[in-house]
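Engineer: Structure in structure tokens, see below.
Only the coordinates and a few stated rules stand behind these numbers; no lab work does. Every value quoted in this text rests on a predicted model; they were computed, and no experiment measured them. Reconstructed Cβ throughout: ideal geometry from the backbone, glycine too, with neighbour counts over all protein chains shown.
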Amino acid sequence: MRRYLVAGNWKLNMGPQAGRDLAAAVGERLRGRTLHGDVLVCPPFVTIPAVAAVAQGDPVLLGAQNCAAHEQGAYTGEVAPGMLKEAGVQYVIIGHSERRQYYGETDADFAAKIDLVHAQGMKAIFCYGEVLEERKAGRAEEVVRAQLQAVLPRLEGPNAYNLVLAYEPVWAIGTGETATPEQAQQMHAFSRALVAEMLGADVAENMRILYGGSCKPGNARELIGQPDVDGGLIGGASLKAEDFVGIVDGAEAVVG
């Protein structure tokens, strides 16, 4: 059975002190519990060292929101995967819709980054999903297929344990809109079938696919309870310990 993953993407929030306090508060609420899945926080780069002091996998894992497509060199402002590894990072988010929209990152960038993350022994969370206009036009599956086919087959060594997928209905990020559990399940099942086509049935069966669109404590149990939804990539609700742990509670209620 796949372990759930509840991952908090803090985005451009939480400096070092606030981030350490938030991670510590999450850890305090979860410590001593026997969890049936994994809990992850992904702070801004500058906050990672402070959070690393309190998020070491017991019970909170440490991630990053992005990385460079290079390991070293004259790339001002970039942070290499190897640097993140040294800082204690275990997961790296790649291809978030905001990286696509605001920074023009490409499929080639995503593939290069994922391969470098894997080379460092870290896990990648690869994001994909359609925007509102594409869903309204009935093109959601077409877009998802194109995004996955552009990256997964070109990776050097993807498997069910070093790669996590995160389906983002972009129209539901930060808008308060949420895909229905049925919509989420349909797209997750479709995604899993695509993984089976590209990487094999065994990889598809064991790969975790997260839902990334306005998941909250109130809807977490119903969303994560869907057969092909293996957790959530959480934005706004990850910035309050009570809300974030509430989502973990929803995931635990499904498997407990």
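Engineer: Put +1 on the Cβ of each Lys and Arg and -1 on the Cβ of each Asp and Glu in the chain; which of Thr178, Val89, Ser214 then has its Cα farthest toward the positive end of the dipole?
Structural biologist: Val89
Engineer: Straight-line reach from Lys216: which lysines fall under 18 Å, measuring Cα to Cα and dropping same-chain residues less than 8 apart?
Structural biologist: Lys11, Lys240
Engineer: Give the residue from Val245, Gly231, Val195 lying farthest towards the positive end of the charge dipole for region 4-255; charges sit on Cβ (+1 for Lys and Arg, -1 for Asp and Glu) and the dipole is referred to the Cα centre.
Structural biologist: My answer, from the dipole projection, is Val245.
Engineer: May I ask for the Kirkwood hydrodynamic radius of the chain, worked out over all distinct Cα pairs and given in angstroms to one decimal? Mind dumping the intermediate values first?
Structural biologist: Working: mean 1/r = 0.0555 Å⁻¹.
One over the average 1/r among Cα pairs gives 18.0 Å for the chain.
Engineer: Among Asn162, Ala7, Gly27, whose Cα projects farthest towards the positive end of the dipole of region 4-255, with charges put on the beta-carbon of Lys, Arg (+1) and Asp, Glu (-1)?
Structural biologist: After comparing all options, I get Gly27.
Engineer: Where does the charge balance sit around Ala24 when Lys and Arg score +1, Asp and Glu -1, over other residues with C-beta under 13 Å from its C-beta?
Structural biologist: Working: positive: Arg20, Arg29, Arg31; negative: Asp21, Glu28, Asp58.
After counting each charged neighbour, the total is 0.
Engineer: Normalised by the residues of region 4-255, what does the relative contact order come to in percent, with Cα pairs under 8 Å and at least six apart?
Structural biologist: Numbers: 498 pairs, mean separation 50.1, N = 252.
Worked out over region 4-255, it gives 20 percent.
Engineer: So for each of 160-166, 202-208, 29-35 I average, over its residues, the number of other beta carbons within 10 Å; can you give me the resulting order with the highest mean first? Walk me through the numbers on the way to the answer.
Structural biologist: Details: 160-166: 20.6, 202-208: 16.9, 29-35: 13.0.
The most tightly packed comes first, giving 160-166, 202-208, 29-35.
Engineer: Once label points are set 7 Å from the Cα along Cα→Cβ at both Met1 and Ala53, what is their separation, rounded to one decimal in nm?
Structural biologist: Here the modelled spin labels are 3.8 nm apart.
Engineer: Hey, another quick one. Suppose R0 equals 41 Å. What FRET efficiency, 1/(1 + (r/R0)^6) with r the Cβ-Cβ distance, do Tyr161 and Leu12 give to the nearest 0.05? Working shown, then result.
Structural biologist: Numbers: r = 30 Å, r/R0 = 0.73.
Efficiency, from the Cβ-Cβ distance: 0.85.
Engineer: To the nearest 0.05, how large is the calculated FRET efficiency for Asp202 and Val255 if R₀ is 22 Å and r is the Cβ-Cβ distance?
Structural biologist: Details: r = 21 Å, r/R0 = 0.98.
Using R0 = 22 Å, I get an efficiency of 0.55.
Engineer: While we're here: Dipole of region 4-255, Cα-centred, from +1 at each Lys and Arg C-beta and -1 at each Asp and Glu C-beta, to the nearest 20 debye?
Structural biologist: On the way: 20 positive and 31 negative charges, 81 e Å.
Around 380 debye, computed over region 4-255.
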